[in-house]
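> Structure in structure tokens, see below.
The values are calculated or read from the model by the stated rules, or taken from the named source; none is laboratory data. Because the structure is predicted, anything quoted here is derived from the model rather than measured. Ideal geometry is used to build each Cβ from the backbone, glycine not excepted, and the neighbour counts take in all protein chains shown. SASA here: full protein model, heavy atoms, side chains in, ligands and nucleic acids out. Shrake-Rupley method; radii C 1.70, N 1.55, O 1.52, S 1.80 Å.
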Amino acid sequence: QAQLVESGGDLVQPGGSLSISCAASGSITSAYNMAWYRQAPGKQRELAASISGGGSTYYADSVKGRFTISRDKAKNTCYLQMNNLKPEDTAVYFCNARYSIYEHWGQGTQVTVSS
């Protein structure tokens with residue numbers, strides 16, 4: 001049974017940093033492309049960052065230079081390091097794993113940026 005479990009969401013002050021994690025298990029292998037999506041209240045879910053099985057990364061313009069996506073294949077875990085957080089980064093962050101026709105989502109972790 002494929003499963004993605006996010007953790008690490010928290011309340012952070014503007015300008016602060018936070019790292020969130022996504023632990024994959026079951027049929028999700030290191031060949032999967034991994035991504036972090038986010039959904040703010042009243043807004044559509046949007047892609048924040050992604051990393052391919054080969055390590056190529058993509059960042060949305062809104063997070064470029066502040067967020068870093070990485071993965072530890074031995075632990076089958078994907079990370080999102082977020083620096084210089086802004087109130088507009090407040091959202092539920094969802095982990096996504098995709099390979100060919102297979103796609104899986106995590107349950108989400110809340111990140112709130114507020115003073």
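> Which of TRP105, MET34, SER115 sits closest to the plus end of the dipole of the chain, meaning its Cα is farthest towards the positive end, when Lys and Arg get +1 and Asp and Glu get -1 on the C-beta?
Positive-end residue among those listed: MET34.
> Determine ³J(HN,Hα), in whole Hz, for all residues of the range 55-69 in sequence, where each value follows from phi through the Karplus function 6.51 cos²θ - 1.76 cosθ + 1.60 and θ = phi - 60°; x replaces Gly and Pro.
Karplus-based 3J(HN,Hα) across the range 55-69 equals x, 6, 10, 9, 9, 5, 4, 5, 10, 4, x, 10, 10, 9, 9 Hz.
> Would you look at the GNM of the chain, springs on alpha carbons closer than 10 Å, and say which of SER100, SER30, SER52 moves the most?
Its mean-square fluctuation being the largest, the pick is SER100.
> Computed on alpha carbon atoms, what radius of gyration and Dmax characterise the chain, expressed in Å?
Over the chain's Cα set, Rg and Dmax evaluate to 13.3, 42 Å.
> Working with all protein chains in place, sort ASP89, ASP61 by solvent-accessible area computed with a 1.4 Å probe, largest first.
Numbers: ASP89 0, ASP61 130 Å².
Solvent-accessible surface, decreasing: ASP61, ASP89.
> Using the Cα centre as the reference, give the magnitude of the dipole from point charges on the C-beta atoms of the chain (Lys, Arg: +1; Asp, Glu: -1; all else neutral), rounded to the nearest 20 debye.
Computed charge dipole of the chain: roughly 160 debye.
> What is the distance, in nm, between label points placed 7 Å from the Cα along the Cα-to-Cβ direction at GLN81 and at ARG66?
Computed distance between label sites GLN81 and ARG66 equals 1.7 nm.
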